[in-house]
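Enquirer: If you scroll down you'll find the structure; I have some questions about it.
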Amino acid sequence: MDVVLLANVLTDASAWLEDFSSRWYFLLIIFVIAYLDSVIPIVPSETMVIVGGVAAGVGEQRLSFVIIAGAVGAALGDNTAYFLGARLSRFISRRAERSMKLAHRLEWAAQQIAMRGGPLLVTARFIPGGRTALTVSCGVTHQPKRWFVGWVVAAVTIWATYAAVLGFVFGDTFDHTTALILAFVTALGVNGLIEVIRHVRARHR
């Protein structure tokens, strides 16, 4: 039943793509969703960039514009999350004084950032929810702004390029529906592999 439901959702998304993907404001939609997903991790930004890549593959958008829209939206969203974390740092610190669990989480986040540095921001961008938690934590723990912005730019560029090119490759070969399904499933597989490798490395350490 879940497989049928997923297929129906993707088919509906493909029909939406055919209706709207050639419009100029489609890029604006990608930008807005990429921005919101960085702050509210329930918005499917990666799927939207993939859809944009499929549209580029069938000649309805330019691939470079899709990548730019996704990357710029995500970068601004990540910086908003950092800003919110920095503004709320005193409030969160006061709560951490009364909550051992929260204190441990903040300490763990600071240790991870210190140990793994900027590449952690790149990895976290491919983990839904994880990127928001990390960018907010960077603000809470007052990581250097210049360092943060530099790595975020690298992370969102890699992420948007990967998602858009994935959709473009399938969109250049198949029809809208098949391309969207194949690109979406491939993205899930790649993200799942990244998560497995991350867990294995964490257990090994």
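The values are calculated or read from the model by the stated rules, or taken from the named source; none is laboratory data. None of the values given here were measured: they were computed from a predicted structure. Glycine gets a Cβ as well: all are built from the backbone with ideal geometry, and neighbour counts include every protein chain shown.
Enquirer: Which of (1) closer than 14 Å to F148 by Cα; (2) over 25 Å from the mean Cα position of the chain (by Cα) does K101 not meet, given it meets every other one?
Expert: Here K101 clears every test but (1).
Enquirer: What helices (runs of 4 or more DSSP H), lying completely within the stretch 1-111, carry at least 2 residues that are at pLDDT 80 or above? Walk me through how you get there before you give the answer.
Expert: Details: elements: 2-20, 25-39, 45-57, 63-87, 89-98.
Where helices (runs of 4 or more DSSP H) fall fully within the stretch 1-111 and carry at least 2 residues being at pLDDT 80 or above, they are 25-39, 45-57, 63-87, 89-98.
Enquirer: Something else now. Need the failing condition index for G150 against (1) touching a helix residue (DSSP H, G or I) at 6+ places or on another chain (Cβ under 9 Å); (2) within 22 Å of A69 (Cα to Cα), just the number.
Expert: G150 satisfies all of (1) touching a helix residue (DSSP H, G or I) at 6+ places or on another chain (Cβ under 9 Å); (2) within 22 Å of A69 (Cα to Cα) except (1).
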